[in-house]
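K.L.:
Here you go, one structure.
The values are calculated or read from the model by the stated rules, or taken from the named source; none is laboratory data. Source: prediction; values computed, not measured. All Cβ positions, glycine included, derive from the backbone under ideal geometry; neighbour counts span all protein chains shown. Remember, those area values only see protein heavy atoms, side chains included, never the ligands or the DNA or RNA. Shrake-Rupley method; radii C 1.70, N 1.55, O 1.52, S 1.80 Å.
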Amino acid sequence: MSQNLHARAERLIAQERVEGISTADQQWLRRHLADCPSCVAHAAATEQAIRSLRGLSVSLPPTLASRTQFRVRLRAEQLRSEPRWRIVWTACGISWAFGAATAPYVWRGLEWAGHRLGVPNVVWELGFGLWWALPAAVVAVILLMTDAGRSHEADWNRQAN
Ligand SMILES: [Zn+2]
């Protein structure tokens, strides 16, 4: 038998499953299958593959889709907030480096001003502490605001579902 005939039969077997074939093609295929064991085997394998595919889609855990969705959304949220975090940490690093570099001058300046104004040492020392803590305080406020924004977003997502 010609190789073309088997190729045509295989094409029709697949096509019959997906989009259907004409009556003439069906008749031709039945006739071909009647005396072609290899195409019968191919048809059976196709049938088997389709059946196991259908079985697979039924036996998928129903939570899998929502879990996948959740993970994709989580990742998207992470990606969205990453640049913001990078900016915060960069600003943090720069301000701390700047703070460390200028600390001796600020200390001396405050000491001088404190003595000039005649305030107790504890006042200008406290001022130095505040100046030192200010970048950290600003960052803490930013982080708190970011967290508040994120949990608000989470609430919104929960309502949307
Ligand atoms: Zn054949």
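K.L.:
Restricted to region 89-124, and to residues that are among the hydroxyl-bearing types (Ser, Thr, Tyr) and surrounded by 11 or more Cβ atoms within 10 Å (Cβ to Cβ), which residue is farthest from the chain's Cα centre (by Cα)?
P.N.:
By that ranking, first place goes to THR102.
K.L.:
Tell me which residues, restricted to region 30-42, are more than 9 Å from the ligand (Cβ to nearest atom) and surrounded by fewer than 10 Cβ atoms within 10 Å (Cβ to Cβ).
P.N.:
Looking only at region 30-42, we keep the residues that are more than 9 Å from the ligand (Cβ to nearest atom), and these are 30-31, 34, 41.
If the condition is that a residue be more than 9 Å from the ligand (Cβ to nearest atom) and surrounded by fewer than 10 Cβ atoms within 10 Å (Cβ to Cβ), then ARG30, ALA34 are the ones that fit.
K.L.:
Okay, next question. Just give me the residues in region 1-14 being open to solvent by less than 100 Å² (accessible area, probe 1.4 Å) and not in a helix (DSSP H, G or I), in sequence order.
P.N.:
Just the residues of region 1-14 that are open to solvent by less than 100 Å² (accessible area, probe 1.4 Å), to begin with: 2, 5-10, 12-14.
Passing the criteria: only SER2.
K.L.:
Say we look at region 15-29 and pick out the residues that are surrounded by 15 or more Cβ atoms within 10 Å (Cβ to Cβ) and in a helix (DSSP H, G or I); which of these is nearest to the chain's Cα centre (by Cα)?
P.N.:
GLU16
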